[in-house]
Amino acid sequence: MKKLSFKNQRRNEDVRRCLSLLIREEVKDSRVSPFCDVTGVDLTPDLQYCKVFVSCLGSEEELGKTIEGLKAAGGFLRRELAGSLNLRHTPELQFIADHSVEYGSRMDALISQVSKEDKERAVGEVVNQDNRYKEEEE
């Protein structure tokens, strides 16, 4: 995968910031959750297409409805984006559900659970007796 130049990274961040503000303040669609966040943007080098990664607090159903609402408001968002950013082309927006926040919180809970178990375990006790390596006889 090609590394993004500083200019492309700056463009991605500008588009992400602008879209996040527009979704939070301008989109009036009832399907779009108020706890919706734009977690990332991937703008193609030719500025024709833009993948917008969206995260939403709540159930998978709410995230699906939010993506539908954002797709419906895509034309409005594209027009507003063209007015606020000075880009050669206004990209076509593609909204994609982002599960990284849920994954991160799940990993955090698992790490906390393991840490708690380690504190409760006596010093010198074998961690997992069932899965120890068996000595192979040759």
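Points to keep in mind about this one:
- Cα long-axis angle, helix 74-84 against the chain (0 to 90 degrees, to the nearest 10): 70
- Listed values [x] 1.23; [y] 1.97; [z] 1.04, entry calculated as Rg/Rh (Cα atoms, Kirkwood Rh): [x]
- Were the residues from V114 through D29 laid out at 0.36 nm apart, the gain over their Cα-Cα distance would be 26.4 nm.
- Relative protection proxy for 40-51, 63-74, 97-108, from highest mean packing down: 63-74, 40-51, 97-108 (other beta-carbon atoms within 10 angstrom).
- Seen from S55, the other residues with C-beta closer than 9 Å to its C-beta sum to a net charge of -3, counting Lys and Arg as +1 and Asp and Glu as -1.
- Comparing S112, S30, S55 in a Gaussian network model of the chain, where Cα atoms under 10 Å apart are tied by springs, the biggest mean-square fluctuation is seen for S112.
- Highest mean packing comes first when the peptides 5-11, 21-27 are listed by Cβ atoms within 10 Å, giving 21-27, 5-11.
- Neighbourhood charge, 14 Å Cβ-Cβ cut-off, centred on L87 and excluding it, Lys, Arg +1 and Asp, Glu -1: +3
- Relative to the longest principal axis of the Cα atoms of the chain, the long axis of helix 6-25 lies at roughly 80 degrees.
Only the coordinates and a few stated rules stand behind these numbers; no lab work does. Note that the structure is predicted; figures quoted are calculated from it, not measured. FYI the Cβ positions are ideal-geometry reconstructions off the backbone, even for glycines, and counts take in every protein chain you see.
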